[in-house]
């Protein structure tokens with residue numbers, strides 16, 4: 001395990017071949033202010049199935065098994081298998097979606113980077129995967145902060161983070177909303193579902209998030225509690241406000257960073273549990 005104190009992040013990034021990381025993280029945070037919508041129907045699942053939308057099916061004991069390409073339930077309490085960026089990432093039993101423990105990320109200050117990095121199970125066939133995780137926010141950016149973006153997960157190309165996709169959120173000065181995006185071309189979509197009445201990201205409860213990166217169709221998809229939010233779908237024809245003639249092409253994914261990148265006016269605590277990655281959709285009940 002490589003652990004970096006916050007002040008050492010730039011040098012550690014340089015050493016890992018990721019010297020553009022913080023620059024692009026800052027640009028990504030700024031670009032999260034750009035919103036597009038594409039409303040449409042949201043699929044649902046039956047109670048008891050893997051794609052159930054009934055939250056009673058989501059929680060309980062750990063459900064990691066070898067049928068998934070990757071699964072981490074944090075029950076061992078160890079982070080030795082991961083590379084670390086930041087010094088405020090631990091495992092504790094304060095909150096857990098499944099089992100007794102979860103990853104705990106504490107963010108504070110300007111553009112804080114607190115992440116675990118996994119290179120497993122990449123590369124995957126067709127450069128396509130689903131990433132499912134449970135997330136609990138004790139707090140989020142709040143007034144009097146200005147409009148500001150933050151990220152939970154980055155799917156990236158080695159050796160340069162100039163190519164990445166991201167899942168996170170956008171604080172609009174009043175509320176936080178989930179967001180998806182890419183680096184090249186620069187795209188950010190902010191949640192607008194349900195149509196005309198999007199729900200702000202809540203605090204104090206576990207959320208099931210699933211993020212699809214499709215390297216064949218060059219698409220991203222987002223599911224919240226097993227319901228797809230079409231306003232966060234990125235396709236090859238999604239326009240970039242900065243490079244409108246450049247089509248979105250899904251970057252090759254060599255590793256994923258999970259945790260927090262963003263600026264906060266007060267400390268933000270986030271718990272993340274049972275991270276699963278697979279070629280097939282996972283859902284919230286599996």
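The values are calculated or read from the model by the stated rules, or taken from the named source; none is laboratory data. This is a predicted model, so every value here is computed, not measured. Cβ atoms come from the backbone with ideal geometry, glycine included; neighbour counts cover every protein chain shown.
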>> Consider region 53-67. How many of its residues are under 16 Å from residue 102 (Cα atoms) and part of a loop (DSSP other than H, G, I, E, B)?
In response: 6
> If you take the residues in region 160-175 that are over 15 Å from residue 131 (Cα atoms) and part of a strand (DSSP E or B), which one is nearest to the chain's Cα centre (by Cα)?
Replying inline: 169
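Assess whether residue 141 counts as being closer than 25 Å to residue 89 by Cα and touching a residue at least 12 places away in the same chain (Cβ under 8 Å).
Numbers: closer than 25 Å to residue 89 by Cα: yes; touching a residue at least 12 places away in the same chain (Cβ under 8 Å): yes.
Here the answer is yes, as residue 141 does meet what is asked.
Mind telling me which of the residues 210, 161 ends up being modelled with pLDDT under 95, within 22 Å of residue 121 (Cα to Cα) and buried (at least 21 other Cβ atoms within 10 Å of the Cβ)?
Working: 210 fails: modelled with pLDDT under 95.
None of the other options fit; the residue is 161.
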>> Can you tell me which of (1) at positive phi; (2) surrounded by 21 or more Cβ atoms within 10 Å (Cβ to Cβ) is the one residue 109 doesn't meet?
In response: (2)
> So how many residues does region 250-266 have that are surrounded by fewer than 16 Cβ atoms within 10 Å (Cβ to Cβ) and under 19 Å from the mean Cα position of the chain (by Cα)?
Replying inline: 2
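If you scan region 176-189, which residues turn out to be over 20 Å from residue 264 (Cβ atoms) and part of a strand (DSSP E or B)?
If we filter region 176-189 for residues that are over 20 Å from residue 264 (Cβ atoms), which is where we start, we get 180, 182-187, 189.
Scanning region 176-189 gives 180, 182, 187, 189.
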